[in-house]
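Data first, discussion second: the structure below is written as structure tokens.
The values are calculated or read from the model by the stated rules, or taken from the named source; none is laboratory data. Computed from a predicted model, the values in this text were never measured in an experiment. Positions of Cβ are backbone-derived with ideal geometry, glycine not excepted, and every protein chain shown enters the neighbour counts. For the accessible areas, the whole protein counts, side chains as well, though only heavy atoms, and no ligand, DNA or RNA atoms are used. Shrake-Rupley method; radii C 1.70, N 1.55, O 1.52, S 1.80 Å.
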Amino acid sequence: MIRLRVKEVLQEKGMSMGKLSRLSDVALITISRMCNQPTAYSPTLATLERVAKALGVPSSELYEEIDN
């Protein structure tokens, strides 16, 4: 199972969801889902790449494998 780490990376960078939405050109509701539903929401690879670029991290830092 995959768990998104967007919320953690946002906190490490000191960035708000709103700012990330603007910088990545990803809808705020999508950013919110990525942060608040880390195991249930599955964004597209293109969305993950835009978010990663806006955060200045590789896309692989935005998710992790977890055991069920």
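Name the single residue, out of those in segment 13-68 being among the β-branched types (V, I, T) and touching a strand residue (DSSP E or B) at 6+ places or on another chain (Cβ under 8 Å), that is least open to solvent (accessible area, probe 1.4 Å).
The initial filter retains those residues of segment 13-68 that are among the β-branched types (V, I, T), namely 26, 29-31, 39, 44, 47, 51, 57, 66.
Narrowing further to those that are touching a strand residue (DSSP E or B) at 6+ places or on another chain (Cβ under 8 Å): 39, 66.
On the way: T39: 70, I66: 51 Å².
Among those that are among the β-branched types (V, I, T) and touching a strand residue (DSSP E or B) at 6+ places or on another chain (Cβ under 8 Å), it is I66.
Taking the residues in segment 37-64 that are among the charged types (D, E, K, R) and touching a residue at least 40 places away in the same chain (Cβ under 8 Å) as candidates, determine which candidate is farthest from R3 (Cα to Cα).
Taking segment 37-64 first, the residues among the charged types (D, E, K, R) are 49-50, 53, 61, 64.
Among the residues that remain, those that are also touching a residue at least 40 places away in the same chain (Cβ under 8 Å) are: 61, 64.
Numbers: E61: 11, E64: 5 Å.
Residue satisfying both the conditions and the ranking: E61.
Counting just the residues of segment 1-12 that are hydrophobic (A, V, I, L, M, F, W, C) and touching a Phe, Trp or Tyr at 6+ places or on another chain (Cβ under 7 Å), which one comes out least open to solvent (accessible area, probe 1.4 Å)?
Residues of segment 1-12 hydrophobic (A, V, I, L, M, F, W, C): 1-2, 4, 6, 9-10.
Checking the rest, the ones that are also touching a Phe, Trp or Tyr at 6+ places or on another chain (Cβ under 7 Å) come to 2, 4.
Values: I2: 81, L4: 9 Å².
Looking at residues that are hydrophobic (A, V, I, L, M, F, W, C) and touching a Phe, Trp or Tyr at 6+ places or on another chain (Cβ under 7 Å), I get L4.
Going through segment 1-36 one residue at a time, which ones are over 15 Å from E61 (Cα atoms) and touching a residue at least 24 places away in the same chain (Cβ under 8 Å)? Lay out the reasoning, then the answer.
Narrowing segment 1-36 to residues over 15 Å from E61 (Cα atoms): 1, 14-33, 36.
M1, M15, L20, L23, S24, D25, V26, I31, N36 - these are the residues of segment 1-36 that are over 15 Å from E61 (Cα atoms) and touching a residue at least 24 places away in the same chain (Cβ under 8 Å).
Would it be correct to say that T39 is among the hydroxyl-bearing types (S, T, Y) and within 10 Å of the chain's Cα centre (by Cα)?
no
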